[in-house]
Amino acid sequence: MTLKGNNIYIRALEPDDLEFIYAIENDESIWHVSNTQTPYSKFLIRQYLENAHQDIYEAKQLRLAICKNNDFTAIGLIDLFDFDPSNNRAGIGIVIKKNQDRNSGVGTESLGLLIDYAFSKLNLHQLFANINPQNEPSVNLFTKFGFQKIGDKKEWNYIDGKYQDESLYQLINKKF
């Protein structure tokens with residue numbers, strides 16, 4: 001399996017993921033990460049899951065569930081978004097739901113697997129990530145894989161009553 005690591009695997013979304021995705025999408029503490037401003041209904045998420053069978057070329061995104069080996073229950077989500085096949089690039093993002101699963105290597109292993117998949121199976125030339133400069137865990141995670149900060153979008157996001165910068169990180173596939 002391409003998307004299987006030592007401790008985790010990444011799988012396609014299933015209808016059983018409804019409650020997990022509902023909890024993630026409606027967690028206001030992380031809305032600023034996905035630029036969400038309103039809650040999602042279970043109806044809308046169910047519709048999304050019904051269309052999750054579309055491939056990345058059709059949907060322009062790929063959202064996958066992160067699971068611990070030998071367990072089908074999702075503990076996080078990892079995405080390729082803004083897929084641009086003409087220029088062979090996509091954005092990449094990750095969220096781990098439970099605090100006990102953060103800082104445990106789950107994010108590192110998941111990101112490594114998806115980067116490898118994006119470069120070796122999708123033949124992407126580059127990946128990019130939008131990260132709040134104050135989000136040190138995310139900055140450390142992405143730079144660990146060679147993502148380089150290529151610029152700041154000043155006062156880009158309005159969070160908690162103030163404008164905050166967003167940094168753009170990029171990883172070029174040197175094998176391309």
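The values are calculated or read from the model by the stated rules, or taken from the named source; none is laboratory data. Values in this document were obtained by computation on a predicted structure and should not be read as measured data. Every residue, glycine as well, gets a Cβ built from its backbone with ideal geometry; the counts of neighbours run over all protein chains shown. For the accessible areas, the whole protein counts, side chains as well, though only heavy atoms, and no ligand, DNA or RNA atoms are used. Shrake-Rupley method; radii C 1.70, N 1.55, O 1.52, S 1.80 Å.
Applying the criterion of being modelled with pLDDT of 75 or more and not hydrophobic (A, V, I, L, M, F, W, C) to the residues of segment 19-37, the residue that is most open to solvent (accessible area, probe 1.4 Å) is E28. For segment 139-157, which positions are of a type in the set (S, T, N, Q) and free of Cβ contacts under 8 Å to residues at least 12 places away in the same chain? Scanning segment 139-157 gives a single hit, N140. Of the residues screened, D79 is not one that is open to solvent by less than 40 Å² (accessible area, probe 1.4 Å) and modelled with pLDDT under 90.
Within segment 103-155, take every residue that is of a type in the set (V, I, T) and open to solvent by 50 Å² or more (accessible area, probe 1.4 Å) and give me the one that is farthest from I10 (Cα to Cα).
Taking the candidates together, the pick is I150.
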